[in-house]
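Peer 1: Quick one: the structure is below, and I'll ask about it shortly.
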Amino acid sequence: MAKISINIASGAIEKPNVVVGIDLGTTNSLVAYTPKGELHPKLVGNNQNFIVPSVVHFDDNNIPLVGSKAKQLIAQHPERTIFSVKRLLGKNYHDISAHTDYLGYKIINDDQDNLVKVNIAGNYYNPIQLSAIILQELKEKAQIFLNATVDKAVITVPAYFNDAQRQATRDAGKLAGLDVLRIVNEPTAASLAYGIDKTDQDKTILVFDLGGGTFDVSILRLEQGVFEVIATNGDTYLGGDDIDKIIVKYWLELNGLEIENLNQNQIQSLRIAAETAKIALSNSPELPFNTPVQFGNVTLNTYIEYHTLVALAEPILSKTMNCVSMALKDAKLLANEIDEIVLVGGSTRFPEIYKLLSDKFPGVQINNQINPDEVVALGAAIEADILAGNRKDILLLDVTPLSLGIETAGALMDVLIPRNSKIPTRIGREYTTSVDGQINLKIAVYQGERELVTQNRKLGEFILKNIPAMPAGFPKIEIQFAINADGVLKVAAKELRSGVMQEVDIQPTYGLTDAEVETMLESGMINAQADIELRLEKEAQNEAEQLIYTAKRFLEKHGILLTSEEILGTEQRIESLRGLLLSNNRNEILAGVEALNEYTRPFAERVMDVAVSTALKSKKVQDI
Ligand code: ADP
Ligand code: MG
């Protein structure tokens, strides 16, 4: 039965507010929620339309389109249709350069340590913005389906995601207008969906997640109701898509065709048919697949039986089992020490997987009753319901009420400990200097949800002194934040090459009332959109300034190795980038950065020594 709430003071009908769980997948995304007063989560969507493909297409007017319709446009408009954006989150160009040929869209090679950007018809998007577009779609879908306000969510990430990738996911949520109450590991969410935590026993769980393009094994330890990831393994380029590809290859051979003789559209339609065949065979292994594909007046034979598919998929399946063995080895566990297995990811519907796992883990319970492509979102919805305070049977652990971070170049807030992190907690991150010979570094600690430190609350600052003089970017300064069980924050800074260090203790909640915390949170949400845009602009400016500095220094040091034409060309681009800096237009600044980078790359590569390239690694703390 539906209920409505009426605000007695204003007479307005108020929509309920629902906290949702979101599985933001590489291939597919889903949203789930727990209906009020119930214990079991449900998926958002009508007529089994739960899955939203994680694909964004930009039309001629740069209006984004998300989901199935966007997915259909991949072959037609590869440069305007972004898929697998999750692979780019929190990464720089170097991290992904080996795999860019697989993507049909244009990734900017800035040859630096900056986060990846995608150029779509002259506009620059980073993976956070692209993920935010997907999250926005999921949010809207949920709001319409639930007829409720959805502005709080739990979002899942792979267990191996590092701090930068987790922060990027949080930022994407914020940009989509979602207050991200918590980032939860996908294998943990799947275990929650199976209620594995509802026991007094401690357990060791192996989560096997084979999705569209990625494979993850995680081994979790459940102790006193708390999950800990003890080992992860997998392959970030292995999944159901690879099975589709080998079916395509098999069909081509069957028909005596070469892939080179097919156009993009034909390849695409064969891939779609291959996925259909794979799903049909895995759902009814006893029925051969035999739906011919038509290319003009040529009919392609697509006959395939389940046992043929199993034989073809063997190399993929044995790779997954190798990863399982390696995860066990890392966790220093034997197969018989695993108490339960959880199957996650659409590709684990392939019956062979269950068979291989039950052979390797005889007698171990394999949880596969919940649809493996839905289980992560359902688990996230359970966590969301707990955080919404709807579950009185569950105790919440102590968490930090506001984010804690330091000031980086451009007065930006760099969050080290996101709000809602369980305490005690500890995190370290590496920074560097932005000016040659810098010997002192100011570390200013702030608390709050805004992107600019000036709008957050300053908790204190100290100076790391006596750093030996080194070129900009050379010092490795590790900043550590640790909150103990009493909520005291210890901040330590250490230059790793020289061992110089300094630390302070801070009481973050000192003097803050609950109401003040509330106001700071609200202000963070209200200003999220504008704040993040401002930050992107500042980041583009920082990037441009740093590049101008590096390029000028490069000319001074290595000018002698360049032709006068190269020097002139570089100087012109430096000047025009300077001009663009005044424009405050992010896309223009980034285009200028790209132009200068593109131009200098060939001869920079010629002379650039290792020292300079390492100098460009890691973030720069503001200098004093
Ligand atoms: P991700 O977590 O990477 O976003 P999913 O968990 O949604 O991905 O898995 C998508 C993959 O699952 C696709 O490759 C799809 O073809 C595959 N898949 C879906 N249903 C089946 C099925 N019945 N049998 C085999 N593979 C399937
Ligand atoms: Mg997944």
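The values are calculated or read from the model by the stated rules, or taken from the named source; none is laboratory data. Here the structure is a predicted model, which is why all the values come from computation and not from measurement. Ideal geometry is used to build each Cβ from the backbone, glycine not excepted, and the neighbour counts take in all protein chains shown. Side chains included, ligands, DNA and RNA excluded: accessible areas come from the protein's heavy atoms. Shrake-Rupley method; radii C 1.70, N 1.55, O 1.52, S 1.80 Å.
Peer 1: Tell me the residue from 213, 234 that is within 30 Å of residue 325 (Cβ to Cβ), within 14 Å of ligand 1 (Cβ to nearest atom), modelled with pLDDT under 95 and touching a Ser or Thr at 6+ places or on another chain (Cβ under 6 Å), please.
Peer 2: Working: 234 fails: touching a Ser or Thr at 6+ places or on another chain (Cβ under 6 Å).
Going through 213, 234 in turn, the sole match is 213.
Conditions tested, residue by residue: (1) open to solvent by less than 60 Å² (accessible area, probe 1.4 Å); (2) within 24 Å of residue 209 (Cβ to Cβ); (3) of a type in the set (Phe, Trp, Tyr).
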position: 289; (1), (2), (3): yes, no, yes
position: 302; (1), (2), (3): yes, no, no
position: 306; (1), (2), (3): yes, yes, yes
position: 310; (1), (2), (3): yes, yes, no
position: 317; (1), (2), (3): yes, yes, no
position: 320; (1), (2), (3): yes, yes, no
position: 327; (1), (2), (3): yes, yes, no
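Peer 1: Can you pull out every residue in the range 335-382 that is without any contact (Cβ under 8 Å) to a residue 40 or more places away in the chain, within 13 Å of ligand 1 (Cβ to nearest atom) and in contact with a Phe, Trp or Tyr (Cβ under 7 Å, 6 or more places away or on another chain)?
Peer 2: Passing the criteria: only 368.
Peer 1: Being among the aliphatic types (A, V, I, L, M), within 16 Å of ligand 2 (Cβ to nearest atom) and either under 30 Å from residue 321 (Cβ atoms) or over 17 Å from the mean Cα position of the chain (by Cα) (or both) is the requirement here; does residue 138 meet it?
Peer 2: On the way: among the aliphatic types (A, V, I, L, M): yes; within 16 Å of ligand 2 (Cβ to nearest atom): yes; either under 30 Å from residue 321 (Cβ atoms) or over 17 Å from the mean Cα position of the chain (by Cα) (or both): no.
No: the conditions fail for residue 138.
Peer 1: Next question, about the same structure. Yes or no: the range 443-462 includes at least one residue that is under 30 Å from residue 36 (Cβ atoms) and surrounded by 18 or more Cβ atoms within 10 Å (Cβ to Cβ).
Peer 2: As a first pass, look at the range 443-462 and keep what is under 30 Å from residue 36 (Cβ atoms): 449.
Now drop any that are not surrounded by 18 or more Cβ atoms within 10 Å (Cβ to Cβ), which leaves 449.
Within the range 443-462 (the criterion being under 30 Å from residue 36 (Cβ atoms) and surrounded by 18 or more Cβ atoms within 10 Å (Cβ to Cβ)), the answer is yes, since at least one residue qualifies.
Peer 1: Additional query: Mind listing whichever residues of the range 502-535 are open to solvent by 60 Å² or more (accessible area, probe 1.4 Å) and either farther than 30 Å from residue 127 by Cα or aromatic (Phe, Trp, Tyr) (or both)? Walk me through how you get there before you give the answer.
Peer 2: Within the range 502-535, the subset open to solvent by 60 Å² or more (accessible area, probe 1.4 Å) is 502-503, 505, 507, 509-511, 513-516, 518-519, 522, 526, 529-530, 533-534.
If the condition is that a residue be open to solvent by 60 Å² or more (accessible area, probe 1.4 Å) and either farther than 30 Å from residue 127 by Cα or aromatic (Phe, Trp, Tyr) (or both), then 502, 503, 505, 507, 509, 510, 511, 513, 514, 515, 516 are the ones that fit.
Peer 1: Can you list residue pairs whose Cβ atoms sit under 9 Å apart, with the first residue in the range 196-216 being hydroxyl-bearing (Ser, Thr, Tyr) and the second being within 10 Å of ligand 2 (Cβ to nearest atom) and not in a loop (DSSP other than H, G, I, E, B)? Count only pairs 6 or more apart in sequence or on different chains.
Peer 2: 214/86
Peer 1: Suppose we filter the range 334-352 for residues that are under 28 Å from the mean Cα position of the chain (by Cα) and either surrounded by fewer than 20 Cβ atoms within 10 Å (Cβ to Cβ) or within 13 Å of ligand 2 (Cβ to nearest atom) (or both); how many remain? Break it down into steps so the answer makes sense when it comes.
Peer 2: Step one: list which residues in the range 334-352 are under 28 Å from the mean Cα position of the chain (by Cα), which gives 340-350.
Restricting the remaining residues to those that are either surrounded by fewer than 20 Cβ atoms within 10 Å (Cβ to Cβ) or within 13 Å of ligand 2 (Cβ to nearest atom) (or both) gives 340, 342-349.
The total comes to 9.
Peer 1: Which strands (runs of 3 or more DSSP E) sit wholly inside the range 353-454 and have at least 2 residues that are under 30 Å from residue 505 (Cβ atoms) and more than 16 Å from ligand 2 (Cβ to nearest atom)? Can you show your working first?
Peer 2: Working: elements: 365-367, 404-408, 412-417, 425-432, 441-447.
Hits in the range 353-454: 404-408, 412-417, 425-432, 441-447.
Peer 1: Under 8 Å by Cβ, and 6 or more places apart or on different chains, what pairs join a residue from the range 532-548 that is polar (S, T, N, Q) with one that is assigned to a helix (DSSP H, G or I) and surrounded by fewer than 20 Cβ atoms within 10 Å (Cβ to Cβ)?
Peer 2: 541/581
Peer 1: Just checking: which of the helices (runs of 4 or more DSSP H) contained wholly in the range 150-264 hold 2 or more residues that are farther than 29 Å from residue 282 by Cβ, within 16 Å of ligand 2 (Cβ to nearest atom) and under 22 Å from the mean Cα position of the chain (by Cα)?
Peer 2: Here the list reads 163-175.
Peer 1: Can you name every residue in the range 533-575 that is over 34 Å from the mean Cα position of the chain (by Cα) and of a type in the set (Ser, Thr, Tyr)?
Peer 2: Matches in the range 533-575: 563, 564, 570.
Peer 1: Across the range 265-296, what is the total count of residues that are modelled with pLDDT of 90 or more, of a type in the set (Val, Ile, Thr) and under 34 Å from the mean Cα position of the chain (by Cα)?
Peer 2: Residues that pass the stated criteria total 2.
Peer 1: Another one. Scan (1) touching a strand residue (DSSP E or B) at 6+ places or on another chain (Cβ under 6 Å); (2) under 22 Å from residue 346 (Cα atoms) for the single condition residue 268 breaks and write down its number.
Peer 2: In the conditions (1) touching a strand residue (DSSP E or B) at 6+ places or on another chain (Cβ under 6 Å); (2) under 22 Å from residue 346 (Cα atoms), residue 268 misses (1) alone.
Peer 1: Looking only at residues in the range 71-102 that are open to solvent by less than 40 Å² (accessible area, probe 1.4 Å) and polar (S, T, N, Q), which one is nearest to residue 51 (Cα to Cα)?
Peer 2: 84
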